[in-house]
Structure formats: structure tokens, C-alpha cells
1. Just give me the residues in segment 39-51 being free of Cβ contacts under 8 Å to residues at least 24 places away in the same chain and surrounded by 14 or more Cβ atoms within 10 Å (Cβ to Cβ), in sequence order.
2. Just give me the residues in segment 46-69 being modelled with pLDDT under 90 and in a loop (DSSP other than H, G, I, E, B), in sequence order.
3. In segment 11-45, which residues are at pLDDT 85 or above, within 14 Å of the chain's Cα centre (by Cα) and of a type in the set (S, T, N, Q)?
Amino acid sequence: MTAVIRSLRHALHPTEPPHPGQCRETLCGETIDLGKPTAIDWLSPTCDTCWLTATATGDRLHPPRDRTR
């Protein structure tokens, strides 16, 4: 789930599904009140810190497969 703050998309911790009306902390440490994302929100650039944190987490959870098999 992402949320837009000051024209940047932010990623949320995947500990629970996001719901409009919740107050959540983003991966970069911002605290936000969630609303329903619009189609335009998905076009906003992603916060660099959220992106780096999300991709590092994803890499730890899903390491690259050994392609020599």
C-alpha cells in the first residue's frame, strides 16, 4: 500500500492490511492518516527512502533464485 504526502508516494509497513481512516507510519517514518487512493496518486513519484527500504526488505524476503539450475 502506498500513500501520498506532499506529492510523494510513501510505502507502509506490511504488518496489517491498510484501511482508510487508519493512522499509519510509513517506511521513511512519516505518520499519516490513510484515505482512499485516487488514480492520480499512483502517478506520484515514490519517496526515495521508502523505495530503498521496501526493495531491501523485499530482497531479504525473496532472495534471487539460483539461475544455474
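The values are calculated or read from the model by the stated rules, or taken from the named source; none is laboratory data. Owing to the predicted nature of the structure, the values given are computational and were not obtained by experimental measurement. With ideal geometry, Cβ positions are generated from the backbone for all residues, glycine too; neighbour counts draw on all protein chains shown.
1. Keep residues of segment 39-51 that are free of Cβ contacts under 8 Å to residues at least 24 places away in the same chain, which gives 39-40, 43, 48-49.
Listed by number, the list holds a single entry, THR49.
2. HIS62, PRO63, PRO64, ARG65, ASP66, ARG67, THR68, ARG69
3. Once the filter is applied, which keeps residues that are at pLDDT 85 or above, within 14 Å of the chain's Cα centre (by Cα) and of a type in the set (S, T, N, Q), segment 11-45 yields THR26, THR31, SER44.
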